[in-house]
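First up is the structure itself, then whatever we jot down about it.
Just so it is clear, none of the values below were taken in a lab; they were calculated from the coordinates. No experiment lies behind these values; they were computed from the predicted model shown. Using ideal geometry, Cβ is built from the backbone for each residue, glycine included, and neighbour counts are taken over all protein chains shown.
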Amino acid sequence: MTRTRFTGVQRLIHWTMAVGIVAMLFIGVGMISTIAPDYVPLITLHRTLGAALFLLVLVRICVRLFQGAPPLPASLPPVMRLGAKLSHWALYGLMIVMPLLGWGMMSAAAYPVVLFGGIRLPPILPQSDALHTLLWAAHRWLAFAFFALILLHLAAALFHALVRRDGVFEAMAPLPRRDNEAA
Amino acid sequence: MSRPSPSRNPFIPLAVIALVVAGSAAAFAYTAGWLSPQRLTPTKVVAALAPPGGPALGHRRNHAKGICFTGEFQSNGNGAALSTAQVFTPGTYPVLGRFNLATPNPNAADATVRVRGMGLQITTPDGDVWRSAMIDAPVFAVSTPQAFYELLQSAPKGAEAMKAFIGRHPEFTAFAGWAGTAPWTSSYAEDPFNGLNSFLFTDSAGTSRAVRWSLRPEATPVPIAPDELAKRGPNYLEQEIAQRVAGAPQRWTMVVTVAEPGDNTADPSKAWPQGRRTVEVGTLVVKQVEAEANGPCRDINFDPAILPRGIRVSDDPFPAARSAAYARSYDQRTAESKYYPRTPVTGGAKP
């Protein structure tokens, strides 16, 4: 029998990371556009949350490899199927790459990487003007791309939930579906 | 699984989706400051530091003229009563720093720059890094980062604009008084360097106290008129400190002043009253001086919010504002490093 929903662990990780990633993107654009006292705690929070999300995505990938995913509905047009596939690869790629870019750009600027609680991460790159410039630009522009992709993901999820009503949204919905609510 | 129902009007769900997406994008744009042109951003502050001809590419956006040094911090252990930071346990810790002039012009003549500074980094075996950027003035020019931005905008506009600025920010007169009357010296080694911002030191019992720190020179200051300094050449200070340190290490005593309840810890333009508890925590020893272009301080952002465990920012708004602006300056100058070659042209006196 085929599963129609992601497992409880998968849904928990999905929604935890969803909140965390959206928070990261807002903290990121907020902190680099302010000189207010919030700047200092925000940047520490950004690093700490980024490290936590990096660990979570590694767990998430393992869980996904073991538990798989429910199939997309057969009624889904091939274009949407392709879009779903590509956007999910891109989302996974960004979840892995963004924390590494952040850690790398800090390292390449010879900044100590300090998290909450005084936790220190070692540098992963030597100081380098060129690397810092490249990684910082990538971190910044990919963050905007990430947010755009999340908006697309959100729009698609709502399209499945409200327009197509094909069970795709319910597969990852945090709470069990109320059956046959829509007549 | 249900098929899409053709009888349902798709307009309402699509409108809901559009609203959710547009609302999210608007919240993001608001957070990024795109809808608030009046927000004071690091970009604006750093841009305001630039001289009329534009910034010196590849260089720090302020305190652009400087020279690197290395040495050590000899901690005497007295600071351990105030902070758990390892730097205050007795011992000797490696130091990297930079003597500098508070100007956006890396080629400014020494006698044209009133304020001198020191960037300092002390590292400890536990992996902690303490960075600080200090100046020789005893108080900062203004009370808030916003006022500093106004100062940057007013200063180039002439006497009338400055008069109006001082009317709005009378705290500036204390700094202006120092600038107008304090004697100049002909050596970085004879200058004090003051942290000015207050930070919180936390001791082993968990008690936090607001403090400020200063470096007091061992060398006796010899006053010199700016005209006399000018006659010694535009880069005399760097030549002098290099020769002086080559002859003998130069020392400063680090003094930590502890605030009392009621002292204004949020305003670096206000000196604390005389008689506050002071603790001599150790000695900075400068052992070697190197040109900046290929020196060890070049790659370092002396961001005052980079602190060891046992030191935190206080209610003083400047370290956060400086941290944000310094990061912007660092991002810009490292992207422009081709304009500031690492290997100086042979025979070139000063990059």
Built amide H within the under 5 Å cut-off of residue B:95, gap 5+: B:71, B:72, B:73
Within chain B, which DSSP H helices have Cα atoms that stretch 15 Å or more along the helix axis and a mean Kyte-Doolittle hydropathy of at least 0.0? B:11-31
FRET efficiency estimate (nearest 0.05) - Cβ-Cβ, residue A:154 to residue B:179, R0 56 angstrom: 0.50
At 7 Å along the Cα-to-beta-carbon direction for both residue B:294 and residue B:157, put a label point, then send me their distance in nm to one decimal. 4.6 nm
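Gain in length, residue B:168 to residue B:19, computed as 0.36 nm per residue apart minus the alpha-carbon separation, to one decimal in nm?
Values: separation 149, 0.36 × 149 = 53.64 nm, distance 4.46 nm.
Length difference between fully extended and current span is 49.2 nm.
Calculate the FRET efficiency for residue B:264 and residue B:81 from the Cβ-Cβ distance with a Förster distance of 30 Å, rounded to the nearest 0.05. Spell out each step's value before the answer.
Working: r = 24 Å, r/R0 = 0.79.
The calculated FRET efficiency here is 0.80.
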Helical mean residue ellipticity (222 nm; -39500 (n - 2.57) per DSSP H run of 4+; nearest 500) of the protein assembly as shown: -13500 deg cm²/dmol
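Number of Lys-Lys pairs in the protein assembly as shown under 18 Å by Cα, sequence gap 8 or more or different chains? Walk me through the intermediate numbers first.
Numbers: B:44/B:157; B:65/B:338; B:65/B:350; B:231/B:350; B:338/B:350.
Eligible lysine pairs with Cα atoms under 18 Å apart amount to 5.
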For a test of the definition: using alpha carbon positions, the gyration tensor, and the 1.5 limit on a/c, classify chain B as rounded, prolate or oblate. prolate
